[in-house]
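*Asks:* Structure below; questions to follow.
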Amino acid sequence: MKQILMEDYNVIVIGAGHAGCEAGLAAARMGEKTLMLSINLEAVAMMACNPSIGGTGKGHLVREIDALGGEMGINIDKTFIQSKMLNTAKGPAVHSLRAQADKVRYHEEMKKTIEKEKNLDLKQGEVIDLIVEEGQVRGVLLNTGAAYRAKAVIIATGTFLRGKIFIGEWSFFSGPNGLSASIELADNLKKHGIKLRRFKTGTPARILGSSLDYSKMKEQAGDEKIVPFSFMNDELECEQVSCWLTYTNNKTHQIIRDNFHRSALFGGQIEGIGPRYCPSIEDKVNRFSEKERHQTFIEPEGRSTDEMYIQGMSSSLPEDVQEAFYKTIPGLENAKISRPAYAIEYDCIDPFDLKINLESRQIKNLFCAGQFNGSSGYEEAAAQGLLAGINACLSINGKNPFVLDRSEAYIGVLIDDLVTKGTNEPYRIMTSRAEYRLVLRQDNADLRLTKRGHSLGLVNMERFAKFSTKTEQVEKEMKRLAETIVFPNQALRFMEKNVSTPLQNKISLADLLKRPEITYDKLADIDKDQPKISSHAKTQIEVQIKYEGYINKQIKQIERFKKLEGKIISQELDYSKIEGLRIEASQKLNQFKPLSLGQASRISGVSPADINVLLIYMERERRRGK
Ligand SMILES: Cc1cc2nc3c(=O)[nH]c(=O)nc-3n(C[C@H](O)[C@H](O)[C@H](O)COP(=O)(O)OP(=O)(O)OC[C@H]3O[C@@H](n4cnc5c(N)ncnc54)[C@H](O)[C@@H]3O)c2cc1C
């Protein structure tokens, strides 16, 4: 059948999920004529699973996306229904913002933003094939015969690619939420030499709130003081809704155990590998059989629906078993299930087949992002979408790739982990994955990244002005606090009021703020010149002063890391020619073509001894002027 040649674009994004949205907006904001395609426009920024954005590690990603000029932070600040800062009892490195989202509004607001964006077209259409000429992508073909040409294409197909739903013994090809799966593209990608593998994830049932008995649960309210995700917002107001905590029990576990044989997971129907950190309830009952109960949070899906999300209870057991085990949970005795739990299997790429700029190693100017790269989670997807969008633009303009390393951003940790270390299950970000997490805090993402977003043309004037004001405020105030001295008698009542050891000698306000019981806001009692500054600036000042010693120590570690990371390796190097390098190492290095000695050191199968051989070889070549 003859293709119908349509309009040309510079960048085409296959998918309008969390990755596709950031990729499309980034490319358009960097001035490239961009087309976003989605099988169904109802899937634009669809939250197919948990109705929340953020959490440990994920909140850091959202802040970094925001700092670089991405959209997720702004969108959740417009549509959240509850906000909580997690881990506040621990240090600032793991403080993580998490917000419950109104799913429908989250989708609507993101779709509106995309529809209004200059240079960006959003169309409903299913891509069935890539147009590839001489190893370079040149466009896409839709199942309508429409062919769109472009200089770069970004694949962000999520859990739709050869999506297959499993509920007990029954299964059928489908995307999430009953939307159609994308089958033909999967087959054609293989024809273009793209290796695909099967991953799986699962979601719990949705239950009507009116059928629940909250008197048997523990209310989980949001924080009184709401901290915005976006650095563009200083304060937010919201009539917050609550989540509810309840637990499974032995009755729940027994029903599940009695039906292990009917679970798609244990029945062997599912071949895809699932996320270790998001196990299904049958997986938990099986793996942690000694546990008497598992906690489950009942989370509202939005203000315009009575549907509740049953967190921690995803399953692929048959519907009748679901009906039975959900009703054993206190508060769910009369549960009315509006959508059954299910598992979904889908095709994704092996991230070893990607370069550090998320470009395919097989096809030039083909970029990949999101769940398609083997990650799991809205935030992980959005972060990759943003970087794929940026790098597609840089590549078509012949510019160097934009790479964030592990000491600069969680986004750097995420992408380096995927493409250098690989993953054999859906990858989820966690603070424990970041070596330099005291420096990669969520509160300073803008100080680390906004200037870089500005030089890419992604950060607009308004954001840059706000950022500059904040950095000035922080610098000026840090200096003033260090130079302002208080004397013991002056602070007597203040120390008493704050149950702090009385001063023996004069001290600067900065040193006083180092005391754990003293906060910047409390200092106002004895510091009449305290200026009015933004809440984001206050957080910055407090953390930088209170953790100064630890932060400086980590900065030293980063300097050592940068030494190896800064040793760039030529992509033309044939490692089999380097004497002293072990065969396994030279094979791995030739396969990966690492960008730097630092990246080479993280490839499994490359030992510190190999890195030493390489270092000596590079030093010798440098002296010979090569
Ligand atoms: C059942 C289920 C359970 C999940 N559980 C969890 C969990 O527990 N924890 C967690 O962190 N995350 C979970 N997720 C994952 C989370 O939803 C994804 O990580 C996130 O949505 C990935 O974003 P994405 O942009 O990569 O893909 P998606 O949000 O899936 O978007 C993909 C987009 O691609 C489009 N598309 C696909 N194929 C084509 C084509 N051929 N042509 C045109 N458009 C196409 C779709 O229309 C859609 O717009 C779950 C997802 C599902 C479905």
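*Asks:* Which of (1) touching a strand residue (DSSP E or B) at 6+ places or on another chain (Cβ under 8 Å); (2) away from the ligand (no atom under 16 Å from the Cβ); (3) open to solvent by less than 10 Å² (accessible area, probe 1.4 Å) is the odd one out, the single condition Leu161 does not satisfy?
*Replies:* Tallying (1) touching a strand residue (DSSP E or B) at 6+ places or on another chain (Cβ under 8 Å); (2) away from the ligand (no atom under 16 Å from the Cβ); (3) open to solvent by less than 10 Å² (accessible area, probe 1.4 Å), Leu161 fails exactly one: (2).
*Asks:* Considering only residues that are touching a Lys or Arg at 6+ places or on another chain (Cβ under 6 Å) and open to solvent by 10 Å² or more (accessible area, probe 1.4 Å), look in segment 372-391 and name the one that is nearest to Gly70 (Cα to Cα).
*Replies:* Gly377
*Asks:* Moving on to the next point. Is it the case that Lys532 is among the basic types (Lys, Arg) and touching a residue at least 24 places away in the same chain (Cβ under 8 Å)?
*Replies:* Judged against the criteria, Lys532 is not a match.
*Asks:* Tally the residues that are modelled with pLDDT under 95 and of a type in the set (Gly, Ala, Ser), restricting the search to segment 226-267.
*Replies:* 3
*Asks:* For the structure I just gave you, tell me whether Arg441 is modelled with pLDDT of 95 or more, open to solvent by less than 20 Å² (accessible area, probe 1.4 Å) and basic (Lys, Arg).
*Replies:* yes
*Asks:* Let me ask something else about it. What number of residues within segment 166-185 satisfy the criterion of being within 8 Å of the ligand (Cβ to nearest atom) and open to solvent by less than 10 Å² (accessible area, probe 1.4 Å)?
*Replies:* Residues in segment 166-185 being within 8 Å of the ligand (Cβ to nearest atom) and open to solvent by less than 10 Å² (accessible area, probe 1.4 Å): 4 in total.
*Asks:* Another question, then. Of all strands (runs of 3 or more DSSP E) completely enclosed by segment 136-219, which ones contain at least 3 residues that are under 30 Å from Glu282 (Cα atoms) and not aromatic (Phe, Trp, Tyr)?
*Replies:* Filter on segment 136-219 gives 164-167, 196-203, 206-208.
*Asks:* (1) away from the ligand (no atom under 15 Å from the Cβ); (2) of a type outside the set (A, V, I, L, M); (3) open to solvent by 40 Å² or more (accessible area, probe 1.4 Å): which one isn't true of Asp121, the others all being true?
*Replies:* Only one criterion is unmet by Asp121, namely (1).
*Asks:* Looking at the structure I just gave you, is Ile533 surrounded by fewer than 18 Cβ atoms within 10 Å (Cβ to Cβ) and closer than 25 Å to Asp66 by Cβ?
*Replies:* So Ile533 does not fit the description; no.
*Asks:* Additional query: Are there any pairs with C-beta distances below 6 angstrom linking a residue in segment 427-447 that is outside the structural domain of Asp416 (by TED's automatic domain parsing) and more than 16 Å from the ligand (Cβ to nearest atom) to a residue that is assigned to a loop (DSSP other than H, G, I, E, B) and open to solvent by 20 Å² or more (accessible area, probe 1.4 Å), with the two at least 6 apart or on different chains, and if so which?
*Replies:* If the second residue must be assigned to a loop (DSSP other than H, G, I, E, B) and open to solvent by 20 Å² or more (accessible area, probe 1.4 Å), no pairs are left.
*Asks:* Considering only residues that are of a type in the set (A, V, I, L, M, F, W, C) and out of contact with any helix residue (DSSP H, G or I) (no Cβ under 7 Å at 6 or more places or on another chain), which ones fall in segment 376-411?
*Replies:* Leu394, Ile396, Val403
*Asks:* Pull up segment 240-261, narrow it to residues that are closer than 27 Å to Asp102 by Cβ and either among the hydroxyl-bearing types (Ser, Thr, Tyr) or outside the structural domain of Lys218 (by TED's automatic domain parsing) (or both), then point me to the one that is nearest to the chain's Cα centre (by Cα).
*Replies:* Restricting to residues being closer than 27 Å to Asp102 by Cβ and either among the hydroxyl-bearing types (Ser, Thr, Tyr) or outside the structural domain of Lys218 (by TED's automatic domain parsing) (or both), the top hit is Ser242.
*Asks:* Do we have any residue at all in segment 392-408 that's closer than 28 Å to Ser182 by Cα and open to solvent by 10 Å² or more (accessible area, probe 1.4 Å)?
*Replies:* There is at least one residue in segment 392-408 that is closer than 28 Å to Ser182 by Cα and open to solvent by 10 Å² or more (accessible area, probe 1.4 Å).
*Asks:* Would you confirm whether or not segment 141-148 contains a residue that is within 30 Å of Lys58 (Cα to Cα), in contact (Cβ under 8 Å) with a residue 60 or more places away in the chain and buried (at least 17 other Cβ atoms within 10 Å of the Cβ)?
*Replies:* no
*Asks:* Separate question: With (1) closer than 30 Å to Arg138 by Cβ; (2) buried (at least 18 other Cβ atoms within 10 Å of the Cβ) as the list, and Pro300 as the residue in question, which single condition is left unmet?
*Replies:* It is condition (1) that Pro300 fails.
*Asks:* What residue, of Ile337, Ile344, Ile270, Ile329, is in contact with a strand residue (DSSP E or B) (Cβ under 7 Å, 6 or more places away or on another chain) and modelled with pLDDT under 95?
*Replies:* Ile270
*Asks:* So, in segment 303-341, of the ones that are assigned to a loop (DSSP other than H, G, I, E, B) and β-branched (Val, Ile, Thr), which residue ends up least open to solvent (accessible area, probe 1.4 Å)?
*Replies:* The selected residue is Ile329.
*Asks:* Write out, first by first residue and then by second, each pair whose Cβ atoms fall under 6 Å of each other, whose residues are 6+ apart or on separate chains, and whose first residue, in segment 330-344, is more than 10 Å from the ligand (Cβ to nearest atom) while the second is among the polar types (S, T, N, Q).
*Replies:* From residues that are more than 10 Å from the ligand (Cβ to nearest atom), the pairs are Pro330/Thr246; Gly331/Thr246; Asn334/Ser211; Ala335/Ser211; Lys336/Ser211; Pro340/Gln322.
The values are calculated or read from the model by the stated rules, or taken from the named source; none is laboratory data. Remember, it's a predicted structure, so these values are computed and weren't measured experimentally. All Cβ positions, even for glycine, are placed from backbone atoms using ideal geometry, and neighbour counts span all protein chains on display. Calculation scope for accessible area: heavy atoms of the full protein, side chains included, ligands and nucleic acids excluded. Shrake-Rupley method; radii C 1.70, N 1.55, O 1.52, S 1.80 Å.
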